[in-house]
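One structure is given here, and the rest of the page talks about it.
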């Protein structure tokens with residue numbers, strides 16, 4: 001994918017595109033060359049999962065919740081990731097989990113960030129929060 005194409009897709013979901021001349025590593029999310037605010041990322045995922053052409057992404061998020069890095073969440077649609085730590089004290093990375101519940105017709109979007117752990121561990125925290133939402137306690 002050309003950088004201009006990536007910028008166009010990012011814009012479609014309300015995100016700023018990558019910096020001009022960004023490296024391949026930056027374009028796939030490595031390093032800190034292209035940062036996205038967490039609330040912008042959550043909004044982009046909310047837009048994405050509503051699109052019929054994103055059915056494969058939604059199926060992948062459901063699979064992540066059942067058997068992948070999001071399985072600790074245990075329900076809903078889940079995408080996990082680990083990003084560079086951007087605050088003090090520095091850790092090797094911070095885990096992120098983007099979760100939607102219920103999977104069939106999401107009514108809730110939850111973005112969880114946990115300092116110093118991978119995204120799969122952040123999914124455990126998201127799962128606890130989702131169960132409170134589901135069970136009402």
Does residue 101 satisfy the criteria of being at pLDDT 95 or above, in contact with a strand residue (DSSP E or B) (Cβ under 8 Å, 6 or more places away or on another chain) and farther than 22 Å from residue 10 by Cα? yes
For residues in region 80-95 being touching a residue at least 40 places away in the same chain (Cβ under 8 Å) and in contact with a strand residue (DSSP E or B) (Cβ under 7 Å, 6 or more places away or on another chain), which is surrounded by the fewest Cβ atoms within 10 Å (Cβ to Cβ)? 81
Would it be correct to say that residue 41 is on the phi < 0 side of the Ramachandran plot, in contact with a helix residue (DSSP H, G or I) (Cβ under 6 Å, 6 or more places away or on another chain), assigned to a helix (DSSP H, G or I) and surrounded by 16 or more Cβ atoms within 10 Å (Cβ to Cβ)? no
Output for region 1-38, where each listed residue is within 13 Å of the chain's Cα centre (by Cα) and either exposed (fewer than 11 other Cβ atoms within 10 Å of the Cβ) or more than 28 Å from residue 91 (Cβ to Cβ) (or both): 37
On the basis of being within 18 Å of residue 36 (Cβ to Cβ) and either part of a strand (DSSP E or B) or under 14 Å from the mean Cα position of the chain (by Cα) (or both), does residue 69 make the cut? no
For residue 63: the one exception among (1) at pLDDT 95 or above; (2) within 19 Å of residue 30 (Cα to Cα): (2)
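The values are calculated or read from the model by the stated rules, or taken from the named source; none is laboratory data. All values reported here derive from a predicted model rather than from experimental measurement. Note that each Cβ is placed from the backbone with ideal geometry, even for glycine, and that neighbours are counted across all protein chains shown.
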